[in-house]
Amino acid sequence: MSDDTNVTNGTEQHPTESVWMSTTDRTSYPPLDGDREVDVAVVGGGITGLTAATKLSEEGKDVAVVESGRIVEGVTGKTTAKLTLQHGLIYDHLRSEFGDTLARQYADANQDAIETVRDRVERYDIDCDFDRTPAYTYTESAEKRSDIADEVEAARALDIPAEFVEETPLPFDVEAAIRVDDQARFHPRKYLLALAEAVEDAGNDVFERTKATDVESGDGNRVVTERGTLTADAVVVATHFPLLDHRLFFSRLYPHRSYVVTIRTDDAPSEGMYYRAEEPGRSLRTKVAGEDDLLIVGGEGHKTGQGDEKERYRRLERYAGEQFEVESMPYRWSTQDFSTPDKVPFVGRLGPTTDGIYVGTGYGGWGMTNGTAAGELLADLALGRSNPYESVFDPTRLSKSSAGKALKENTEVAKEFVGGWAKSLFGSDTVTPPAGESRIVRHDGKPYGLYRDEDGELHAVSAVCTHMDCIVDWNDAEKSWDCPCHGSRFGVDGSVIDGPAVEDLPRPGSDD
Ligand SMILES: Cc1cc2nc3c(=O)[nH]c(=O)nc-3n(C[C@H](O)[C@H](O)[C@H](O)COP(=O)(O)OP(=O)(O)OC[C@H]3O[C@@H](n4cnc5c(N)ncnc54)[C@H](O)[C@@H]3O)c2cc1C
Ligand code: FES
């Protein structure tokens, strides 16, 4: 094992694979083979797509799910799997941003999502470590105490049964916390792999290794893939970043990457899920994969492409060691989610001219419940039904903070664009990196990303992001080229890992 995968603890391995992936079998659904007609095509096999596909299958619809890789290996396979309506300090913000009616809709949508998961766990008898536990948002800062009090007041005004507390089961003191009971935790892959089986049992299909390259609207919508075309009355686009960007989502979705380590410790609190209100953010979750002594410690988030990724893991591991008696750190991983300017997801119709095409995105780190709510809503829209949460999630809304936040974010993107190009133009055109390192270099006036792997092989790709031409940055922890502008990520060979980019980074000598 290389040094990269074992940064602190010499006694136990740290595969950069999530505990959820490590404790479940890989799937092997076949690819789509030729053209098909279905009632509804679902693109993307994460929590959004599989929830929608399950509901549509329960309603007797003819459904096909197409997944570019393997199902539940995207963000959903790397989450921390808290099911809660308590999303940090959110309700005070939502009340002033949207008013009480929509703020209550947001809370209800998320609490309903927990009950939807529970209902399906019971209906399909899924062994996925689902259990009820309280959620806490806590502060260790005296100055933040009043924010917690305000949040409790806002939550209670929306009929959320929130409590102001000064003690939690954590092994360290907190200044104050908001506690909400009857929230839940689960094993997301065990749950969703069972839903995929339920989709199949209903006579429907899941196709893996089937990348959608386009969604065409018209009389009979079409999902064009590398393996054939699905013609469908309705299409659910559940690709995390929307495959089609009719609403210019890239300017309203901000990528945020964060990190997770798991620790084995006798100090793990017997119950609860915890979220720290101030920076640096911390996310703690007990009873991971059903094990009492396994605790998730998450945090160290940053905008994608703008962080020292290896150092983030080190800081998280240091923090875990300071707060808990750590026996070992068996797993670590990282992933990213998109946020919207007003902190509420975009779920609904893709665009005014795309009848029957629906999208869910922008869960802001809370897609276990938001993604479940989105899957239900998107299925309702595909069924031609209304859904009680359409208004709050409406992708066309213009809320108070949208314009200001979008302007600020897009100014930062412009800075990244200019800064990245300036750096690349002054980059060396001769030096190649030693083993395990990367460089941005200039060749024939164009910027290239070079990475030399541990075996000494040199990998070269264009350093110009295929989305909108920003210069990508090397992510040393994940071995990927990450774009600081809108969060696209590419493998060492240039292949797209995360959108909005859909085209790979060209290699030198290719025609592009
Ligand atoms: C570190 C971290 C911790 C988190 N913890 C929590 C938590 O505790 N609780 C919570 O509520 N939320 C949490 N979240 C957020 C949550 O995990 C995500 O919001 C959610 O998993 C997103 O689900 P999704 O279905 O949109 O995306 P994904 O799970 O990424 O699914 C999208 C799928 O679409 C596929 N796809 C993409 N493009 C194509 C294409 N062209 N053709 C076919 N398929 C395609 C992808 O391969 C992928 O499988 C966390 C997020 C992070 C970053
Ligand atoms: S993700 Fe938009 S320019 Fe790279």
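The values are calculated or read from the model by the stated rules, or taken from the named source; none is laboratory data. Predicted model, so just to flag it, every value in this text is computed and none were measured. All Cβ positions, even for glycine, are placed from backbone atoms using ideal geometry, and neighbour counts span all protein chains on display. Please note that ligands, DNA and RNA were not included when accessible areas were found on the heavy atoms of the full protein model with its side chains. Shrake-Rupley method; radii C 1.70, N 1.55, O 1.52, S 1.80 Å.
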Q) Name the residues in the stretch 244-259 that are among the hydrophobic types (A, V, I, L, M, F, W, C) and crowded, with 24+ Cβ neighbours inside 10 Å, would you? A) LEU253
Q) Quick one: what pairs do we get from the stretch 128-148, first residue over 23 Å from GLY299 (Cβ atoms), second open to solvent by 60 Å² or more (accessible area, probe 1.4 Å) and part of a strand (DSSP E or B), C-beta under 6 Å, 6+ apart or different chains? A) ARG132/ASP182
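Being open to solvent by 20 Å² or more (accessible area, probe 1.4 Å) and within 8 Å of ligand 1 (Cβ to nearest atom) is true for just one of THR84, THR80, THR116. Which residue is that?
Residue meeting the stated conditions: THR80.
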Q | Criterion violated by GLU151 - all others in (1) more than 29 Å from GLN323 (Cβ to Cβ); (2) within 28 Å of the chain's Cα centre (by Cα) satisfied | A | (1)
Q: Go through the residues of the stretch 130-144 one by one and say whether even a single one is within 30 Å of VAL237 (Cβ to Cβ), open to solvent by 30 Å² or more (accessible area, probe 1.4 Å) and at pLDDT 95 or above.
A: yes
Q: Give the residue, chosen from VAL235, VAL224, VAL180, VAL199, that is free of Cβ contacts under 8 Å to residues at least 40 places away in the same chain and of a type outside the set (Ser, Thr, Tyr).
A: VAL224
(Q) For the stretch 183-221, give me the residue count where each residue is assigned to a strand (DSSP E or B) and either open to solvent by less than 60 Å² (accessible area, probe 1.4 Å) or modelled with pLDDT of 95 or more (or both). (A) 10
Q. Can you name every residue in the stretch 460-482 that is open to solvent by less than 10 Å² (accessible area, probe 1.4 Å) and either away from ligand 2 (no atom under 12 Å from the Cβ) or assigned to a loop (DSSP other than H, G, I, E, B) (or both)?
A. VAL461, ALA463, CYS465, CYS470, VAL472, ASN475, SER480
(Q) Can you tell me which condition VAL237 does not meet? The list is (1) in contact with a Phe, Trp or Tyr (Cβ under 9 Å, 6 or more places away or on another chain); (2) surrounded by fewer than 22 Cβ atoms within 10 Å (Cβ to Cβ); (3) closer than 25 Å to ARG209 by Cβ, and all the others hold. (A) (2)
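Listed here are the residues, each with its yes/no results for (1) modelled with pLDDT under 95; (2) within 11 Å of ligand 1 (Cβ to nearest atom).
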| residue | (1), (2) |
| --- | --- |
| ALA277 | no, no |
| ARG282 | no, no |
| GLU309 | yes, no |
| MET329 | yes, no |
| SER334 | yes, yes |
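Here is a yes/no grid of residues against (1) more than 16 Å from ligand 2 (Cβ to nearest atom); (2) open to solvent by 20 Å² or more (accessible area, probe 1.4 Å); (3) touching a helix residue (DSSP H, G or I) at 6+ places or on another chain (Cβ under 9 Å); (4) more than 30 Å from CYS465 (Cα to Cα):
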| site | (1), (2), (3), (4) |
| --- | --- |
| LEU294 | yes, no, yes, yes |
| LYS310 | yes, yes, yes, no |
| TYR313 | yes, no, no, no |
| GLU322 | yes, yes, no, yes |
| SER328 | yes, no, no, yes |
Q: Might you check whether a residue that is of a type in the set (Ser, Thr, Tyr), closer than 16 Å to TYR275 by Cβ and either modelled with pLDDT of 95 or more or within 16 Å of ligand 2 (Cβ to nearest atom) (or both) occurs anywhere in the stretch 95-105?
A: no
**Q.** Of the criteria (1) farther than 30 Å from ARG312 by Cα; (2) of a type in the set (A, V, I, L, M); (3) touching a Ser or Thr at 6+ places or on another chain (Cβ under 7 Å), which one ALA268 fails
**A.** (1)
Q.
I'd like to check which helices (runs of 4 or more DSSP H) are fully inside the stretch 360-448 and have at least 1 residues that are modelled with pLDDT under 70 and open to solvent by 60 Å² or more (accessible area, probe 1.4 Å).
A. 402-425
